[in-house]
Amino acid sequence: KELFTQWQRREWLGNACEKCGSTEHLELDHRVPRFAGGKATKSNSQTLCGSCNREKFWVVDYPLYQHYLKQRAKKSSTSGCQHNSTPVL
């Protein structure tokens, strides 16, 4: 898993939310979500307050995740075994 370590949180967490400027309830967030290939790197991290992080989840990450699941389901249904309707004797 590409979760942020305690060291990364301590070193990379900024002093204010990058979206609203709040200085309370700060969290280190993945810019590109882990399910979409985002890594726990400094360039893929951002400081958000809890409220902005939840909003990002519902407005950006969750819809992207739903799209990802649909694409994955579509891919697996088309790559399944194709049965021939002609019986083998």
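The values are calculated or read from the model by the stated rules, or taken from the named source; none is laboratory data. Every value quoted in this text rests on a predicted model; they were computed, and no experiment measured them. Cβ placement follows ideal geometry from the backbone for every residue including glycine, while neighbour counts extend to all protein chains displayed. The accessibility values were calculated without ligands, DNA or RNA, using every heavy atom of the protein model including side chains. Shrake-Rupley method; radii C 1.70, N 1.55, O 1.52, S 1.80 Å.
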Mean Cα-pair separation over length for the chain, i.e. relative contact order, pairs under 8 Å, 6 or more apart, % = 25
For Asn15 and Leu64, calculate 0.36 nm times their separation in residues minus their Cα-Cα distance, and state this gained length in nm to one decimal.
-> 14.8 nm
Mark the label point 7 Å from the Cα of Lys42 along Cα→Cβ and return the residues of the stretch 6-25 whose backbone N is within less than 17 Å of it.
-> 6-16
Rounded to whole angstroms and listed largest first, the alpha-carbon spread of the chain along its three principal axes comes to 73, 25, 16
Any chance you could run the full-extension gain for Gln6 through Gln71? It's 0.36 nm times the residue separation minus the Cα-Cα distance, nm to one decimal.
-> 20.0 nm
For the chain, with all protein chains present and a 1.4 Å probe, just round the carbon and sulfur fraction of the accessible area to a whole percent.
-> 54
